[in-house]
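The values are calculated or read from the model by the stated rules, or taken from the named source; none is laboratory data. Everything quoted here is computed from the prediction, not taken from an experiment. Glycine also receives a Cβ, built like all others from the backbone with ideal geometry; neighbour counts cover every protein chain displayed.
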Amino acid sequence: MAETKRKSRGEAKGKRGKPSKKQKKGTDTRERKGPRLPNALRKELERLNPVDEGFGSDEDQEEVYGRDLYEYEEELPEEESKKNRRYDPVENLEYQMPEEFEDENVSSDDDNDTRNAGEDGVEDEDEEDDDGRQRTTRITSEAFEGKTKKKKNNVVISEAYPESEYNPTRDMLEGEGPVSIGDLLDPLHGVSGYSKLRKRIHHLEKKSVPTPAPLPKADQEKLERKAAYEKSKEELQKWEPIIKRNREAPTIYFDDDMDLGFSTVGAIASEFEPRTEFEKKIASLVYDDQVMEAHQKDGSRLLELNKVSAEDEKDRHNRMAKMRSLLFRHEMKSKHVKKIKSKTYHRLLKKDRLKASSTQSQMDPEAAKELAMKQEYERAKERMTLRHKGSSKWTKRIKERGIDVQDEGTRTAIAEQQHLHALLTRKMNSMKDGSSSSSDDSSDEDDVDVYSAGSDQARASKLLEKAKEKTLNLLDEDDEVPNSGVLSLPFMVRGLKKRNEAAAEEAKLALQEYESWSNQLEDSNGADNAKVAPPSGRMVFNASKKEAPESSNKTKSDNKIRSDNYYGNSDSEDDFKPKENVDIREDRSSDLQNNGGINPVLLHKESKNHKDSLFKNFDDIVQDPGPKTTHEVSIFASGTWKKMKGGNNADANVNKPTRPLESVVLNQNLQEPVKELDEDSDADSEGQMVDGILTSDPKVESSYELPSQAEIIRQAFAADDVEDDFEKEKQEVLNEENPEPEKPVLLPGWGQWTHVQKKKGLPSWMLQEHESAKRMREETLKKRKDAHLKRVIISEKLDKKAEKLYTKSLPYPFTSKEVYEQSIRMPLGPEFNPATAVGALNRPEVMKKPGVIIKPIEFEEVNPYERIEEQTQSGKKQKKRNKSKSNSGKNGTKVKTKLKN
Amino acid sequence: MGVKQDDGSIMPTSEQEKISDELDIRVKKFLRGEKTNLEGLQDKKLKGQLAVREELFGKSAQAAAKAEKWLLPSEGGYLEAEGIEKTWRIKQESIAREVDILSARSQYDIVLPDLGPYTLDFTSSGRYMAAGGRKGHLAILDMKNMSLVKEIQVRETVRDVVFLHNELFFAAAQKKYPYIYNRDGTELHCLKEHGAVLRLQFLKNHFLLASINKSGQLRYQDVTMGGMVANYRTGLGRTDVMQVNPYNGVVALGHSLGTVSMWKPTSSTALLKRLCHKGPITAMAFHPNGHLMATAGKEKKIMLWDLRNLKDEPLQTLPGNADTLDFSQKGLLARSTSSFVQILRDSSGTQNYNNYMTHKIIKGYQVEKVLFRPYEDVLGIGHSMGWSSILIPGSGEPNFDSWVANPFETSKQRREREVHSLLDKLPPETIMLNPTKIGTVKPQRRKEKKTKEENEADMEAAVEAVKGIEPKKKTKGRNKPSKRTKKKQEIVANAKRPFLEEQKKEEEQVARKKQKVIEQVELPTSLQRFSRKKSAT
């Protein structure tokens, strides 16, 4: 509806627009039209929006009109409806106007405009305004004409009123007022065809019913929206079956289109097309024919140039192969060497390496110097950092704890560190001199030896001796004073002498020092020889360690014996025994380790151990006369056990005074004899078995077959009690789970007057409470599962741990418990279902393979009434179809977009 | 429509119907209960989902039924008598003449006269057997090739042997403690806590070793982690009758007062106690489907009990003694006294057991234990002179499921299965009388508190009741209208008071709870945005 309306309006506009344009170029305001309003309304409007003298404001007003009030269709062309002065009446009267004529008219109109340009704008506007009104009103032209005539008649110019129809403007009064069709027709009176024309006009006038006022905008919009909604609803409704199908499908498949597009870089690169200027330029250059050609040619020429002789190539190849094999062999070798775990091997290797380096340093002064430098650096570093002095956190802690307490590894590590420190910080005699004199070298070698072999006293003494010799040599050496040169100058000679003397003294001092050192060394050596183990902790411990294995061996053997004993005794002894044994074992070993020290406590322990063992031995002896310990012991054990058991039985009998329990005992006794005897016989037979006479005695077994008469009688009568007992037990259980309410007790003197108390007894509320509690209990008892079962007690205790296996409430979509419970009755796992069904049972809601792009839904015709089953099939079909489509289509080149609409 | 057979003839409709009926029965079995009733459902979506589900279930059941009907390699059967023949008259010798060599091989007697009555246990696949002689003889046998795997002498009384989850481990109840050995006879554990155990049972789905000791203490030990799961005093005296219900893992004990008590590891009281016999209970057995229990009492009665539908009366009472009872996989019941073994069968399918077969071993042999071998038609009998094995046609499940138990298992498969079974190990709390209830809605506890509306309704009723009472006519001075109105109001207030007090108390409780909640939630402001917002209650 709205559409058609709009269309018609558009047409009208088109109709209207053309001629107006032709007539008046540049005056668009003319196109605004409005209805002819009733007088009162107009006045009111004018009062509300007083007309300004400004041009723009007027226009605004016009616009307001146009916007708010009119919406209107014009049926007559302007020329016909408008009897404006500007239109040439004669020309207008012409029924069919020739083309050229109209052109003339346009030009004349222009003239008119130019003529009017001199007048004030307001008037012009007003005139146009009036024109518009006339054009747009539905009021018949006659009426309009009449009015104008009236206006013509009373030629009163009054400016007091605002301009309006009743207050026409000047030009209107001058005769430029609106002209009706009648006016135009009048001169044609009598001309042939006039009557026809008049009839037509009359007809037209009759026909033209006033169109109803357009609907308010809000309503119109509402209607439009409604229509639009209907349309869009229709549009959407066609998707409904598809959506429904997807919604109802247990599984939606998205893995139908498996074409993943580009698979290789090459494929992507081949698709590349230059787009930007730059790319195009590059492409043109790269794919330039000339360039290509040149490249090809050049390449071939280059290849020609590249020619190498076969021999050269062979040679090179051989060389490379050799190198490679050598490298490989070396690698293998080093790998092999690295894998060797032997310490001695590595030590030897290290030694070799050192030797090699030392020889190198001997041979090569540069290397020696480097080595010296390195050592010097190391030394300096040590002096600066004092890294090995024992100031680190770790060593401090170890010292704090005491070195003796540490294990061997730590101790050696600490010792190593100290040694290293000593080595590095010791003032070196020869290292300072970087020269490569032989003596220095030797000392170097010594040093190296010292490094490698650690502190060896013999070496040290040797070193001292060497030093001594050297100093003596120095002392012995005559000072050869050069006779010539600068050094021969007297003051130089004096200086030299002085220096030599100082040096000699120093050498003497050094000698003394050396001697004292060597003495010390010798002393210490002697001491070492004398004392096997000086009293410093480490050494002692090591010594004891060496001894320890033996002792531990001893203890082990002891323990073995002991453990044997232990196992033998195990049957008769209690649990605490083995622990004790272990204790003893430990004590012993510790004793043996402390081989030297005589500790009274330990001694005591030892003696205790001995005592223990003695006791045990004694026990053993007492228990078994023969040498076979274990087996006899087991017999003994079984004996004690028997005794114990007897005692226990007696106890049990004493402890069960009540009748039912007594019957239990009796029954047990009745039931048991066979077994009991059996077990007794076990013990016996065990003894036999151990002795190696493995014989069974079926006689004994058969003898339990017949119980005595008394027992049979008891058995017969036992049954009578059983039910009562059970009933009692049930009652007990019930009482326990739902305790009986306490009987109301009245404390005399409380709550009531004494005389009332006596008369009335318990107060009613108490009784009531009691009653209600009783009732409650009975009700709950009735509700029990075993309420109707005399011989069954079902525990109503709630298992708190099992509570987590239940759901607290029904899961969401379910509303009834039964339906839910039935829905979970079937197991879903592969163990419980055939392989054909497992997949369907456990399929997820959405099937999708990673990397697959999910495309938006495409429209397809779906029969909304077909069942889900078929739909799934159709879905599969569709899948296949899609596959084929994708295969047939462009092979994965199209760009996939997620948002289609 | 008929189905074409090989010879081209079309199967008669009657046969078809028969087959379809049979299939229907099987389908019903595999459907595991009633179809969901979708009639009353209002939620369309749920209805649709459930309908799809049901259809899938139906298909699955159909497929399973068909596979069971047509694809299983072997079929079970029973001895069938012709004419005046009676099945229980058929001797083992005559059976041996008829059967194939392989089956005939499983008829034998092992005579070990010295080491006392033997107790037996089979692995779940029936491949291995453990035999325990009372006088300390333990042996593991491979029953497929009749070879001895390992034999040890523990030099102690052995009361019971039981395999753990596979043949690699077994437990033996010895004189003072139960021990766990491996297949090589190495002692792995000594379970001292258990004490002198009389009977051992292994719950293979839960990996629990249950034991009852001389002082009547029931213990459950987890054999995977080694923890003692439960330790309960039964308080019903010493017993050596203990059996696990294979269906739900509930341990049943038979007591001297004729009661059977059923236990689970998470409850210190018996789940169920039932007075079964008038005399002491001597033996007990459970049907593999867990719905049937057989007990034997000293008063020469054997009773069959329905465990799903508890009643005071047994399903069936059979005369006779039994020192040991056992159900086979197919539901045959073996009972034995002294040297006589009887097999009973539910021939009609109505749980009415009749005599099926009998067997007598040499007089003087005391039968200690009868035990059907799984997946074989074999009954093992442990007695005082060793053990014997006889053929009982129709006792074992003819088709084994290698997912469940595979008699031809390789060591690799065994390892695999061990891992799987460990992964599938059930926690002890899943043991309950009706395990199908797991996952359902928690049973409602007794309602203790009234709802607010109920409370108000009660109050109103009380007020109405009070208002109806006509006030007493008092003496002149006391019967003023003002006093009467006052009295009326008082009565009403009194009637209301208890309810109001109750309400107040409840509100206080709620307030306290709220306070607690508020106290609990005290996160630093920076973290508060991560805490889940609770709807204000």
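A few comments on the model shown:
- Filtered by the rule that a residue be in a loop (DSSP other than H, G, I, E, B) and either more than 14 Å from chain A (Cβ to nearest Cβ) or closer than 25 Å to B:K86 by Cβ (or both), segment B:360-392 gives B:I361, B:I362, B:K363, B:Y365, B:P374, B:Y375, B:E376, B:D377, B:I392.
- Candidate set: segment B:450-471, residues that are hydrophobic (A, V, I, L, M, F, W, C) and in a helix (DSSP H, G or I); chosen: the one nearest to B:P498 (Cα to Cα): B:M459
To keep it simple, each residue is scored yes or no on (1) touching a residue at least 12 places away in the same chain (Cβ under 8 Å); (2) of a type in the set (S, T, Y); (3) out of contact with any Gly (no Cβ under 6 Å at 6 or more places or on another chain).
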{"site": "B:K273", "(1), (2), (3)": "yes, no, yes"}
{"site": "B:G279", "(1), (2), (3)": "yes, no, no"}
{"site": "B:Q316", "(1), (2), (3)": "yes, no, yes"}
{"site": "B:T337", "(1), (2), (3)": "yes, yes, yes"}
{"site": "B:F340", "(1), (2), (3)": "yes, no, yes"}
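- Residue identified as over 57 Å from the mean Cα position of the chain (by Cα) and under 30 Å from A:E271 (Cα atoms) among A:A310, A:A294: A:A294
- Search result, residues across segment B:356-390 that are charged (D, E, K, R), in contact with a strand residue (DSSP E or B) (Cβ under 7 Å, 6 or more places away or on another chain) and farther than 22 Å from B:S124 by Cα: B:K360
- Test for B:N166: is it in contact with a helix residue (DSSP H, G or I) (Cβ under 7 Å, 6 or more places away or on another chain), closer than 30 Å to B:V419 by Cβ, among the polar types (S, T, N, Q) and touching a residue at least 12 places away in the same chain (Cβ under 8 Å): yes
- Single residue of segment B:81-103 satisfying the filter (touching a residue at least 12 places away in the same chain (Cβ under 8 Å), surrounded by fewer than 19 Cβ atoms within 10 Å (Cβ to Cβ) and in contact with a helix residue (DSSP H, G or I) (Cβ under 9 Å, 6 or more places away or on another chain)) that is farthest from the other protein chains (Cβ to nearest Cβ): B:S103
- Meets criteria (of a type in the set (A, V, I, L, M), farther than 26 Å from B:K412 by Cβ, surrounded by fewer than 23 Cβ atoms within 10 Å (Cβ to Cβ) and under 25 Å from the mean Cα position of the chain (by Cα)) for B:L198: yes
- Among the candidates B:D121, B:D142, the residue that is surrounded by fewer than 16 Cβ atoms within 10 Å (Cβ to Cβ), acidic (D, E), in contact (Cβ under 8 Å) with a residue 12 or more places away in the chain and more than 14 Å from every other protein chain (Cβ to nearest Cβ) is uniquely B:D142.
- The set of residues from segment A:821-843 being facing chain B (nearest Cβ under 7 Å) and not in a helix (DSSP H, G or I) comprises A:I824, A:R825, A:M826, A:E831, A:N833, A:P834.
- Test result for A:T807, closer than 30 Å to A:D255 by Cα and within 7 Å of chain B (Cβ to nearest Cβ): no
- Pairing residues of segment A:801-815 that are touching a residue at least 40 places away in the same chain (Cβ under 8 Å) with residues that are not in a loop (DSSP other than H, G, I, E, B), at Cβ distances under 8 Å and at least 6 apart in sequence or on separate chains, gives no pairs at all.
- Screening the candidates B:G331, B:G297, B:G279 for the property of being more than 23 Å from B:T87 (Cβ to Cβ) and in contact with a Pro (Cβ under 8 Å, 6 or more places away or on another chain) yields one hit, B:G297.
- For segment B:460-476, the criterion of being over 30 Å from B:T266 (Cβ atoms), more than 27 Å from the chain's Cα centre (by Cα), at pLDDT 80 or above and among the hydroxyl-bearing types (S, T, Y) is met by at least one residue.
- Filtered residue count, segment B:31-47, keeping only those that are crowded, with 17+ Cβ neighbours inside 10 Å and either within 7 Å of another protein chain (Cβ to nearest Cβ) or within 12 Å of A:A249 (Cα to Cα) (or both): 3
Yes or no, residue by residue, for (1) under 25 Å from B:L120 (Cβ atoms); (2) of a type in the set (S, T, Y); (3) surrounded by fewer than 22 Cβ atoms within 10 Å (Cβ to Cβ); (4) not assigned by TED's automatic domain parsing to the domain that holds B:T358:
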site	(1), (2), (3), (4)
B:G249	yes, no, no, no
B:H255	yes, no, no, no
B:A283	yes, no, no, no
B:M293	yes, no, no, no
B:N321	yes, no, yes, no
B:D326	yes, no, no, no
B:A334	yes, no, no, no
B:T337	yes, yes, yes, no
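- Qualifying residue in segment B:360-377 (condition: within 27 Å of the chain's Cα centre (by Cα), surrounded by fewer than 16 Cβ atoms within 10 Å (Cβ to Cβ) and among the hydrophobic types (A, V, I, L, M, F, W, C)): no
Matching residues to (1) within 14 Å of chain A (Cβ to nearest Cβ); (2) part of a strand (DSSP E or B):
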residue: B:S336; (1), (2): no, yes
residue: B:I343; (1), (2): no, yes
residue: B:N355; (1), (2): no, yes
residue: B:T358; (1), (2): no, yes
residue: B:G394; (1), (2): no, no
residue: B:S402; (1), (2): yes, no
residue: B:P407; (1), (2): no, no
residue: B:Q413; (1), (2): no, no
residue: B:E418; (1), (2): no, no
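- Within segment B:127-231, strands (runs of 3 or more DSSP E) holding 3 or more residues that are farther than 30 Å from B:E429 by Cβ and assigned by TED's automatic domain parsing to the domain that holds B:S411: B:128-133, B:137-142, B:147-153
- Options A:E796, A:E769, A:E818, A:E779; residue that is within 11 Å of another protein chain (Cβ to nearest Cβ), among the acidic types (D, E), farther than 30 Å from A:D724 by Cα and not in a strand (DSSP E or B): A:E818
- Counted residues, segment B:232-243 - those being of a type in the set (S, T, N, Q) and assigned to a strand (DSSP E or B): 1
- Screening the candidates B:E502, B:E508 for the property of being closer than 17 Å to B:N455 by Cβ and modelled with pLDDT of 90 or more yields one hit, B:E508.
- Residue selected from segment B:295-306 under the condition within 11 Å of another protein chain (Cβ to nearest Cβ) and in contact with a Gly (Cβ under 8 Å, 6 or more places away or on another chain), by the criterion surrounded by the fewest Cβ atoms within 10 Å (Cβ to Cβ): B:K300
- B:K474, sole failed condition from (1) of a type in the set (K, R); (2) assigned to a loop (DSSP other than H, G, I, E, B); (3) within 19 Å of B:T451 (Cα to Cα): (3)
- Test for B:A283: is it part of a loop (DSSP other than H, G, I, E, B), in contact (Cβ under 8 Å) with a residue 40 or more places away in the chain and within 14 Å of another protein chain (Cβ to nearest Cβ): no
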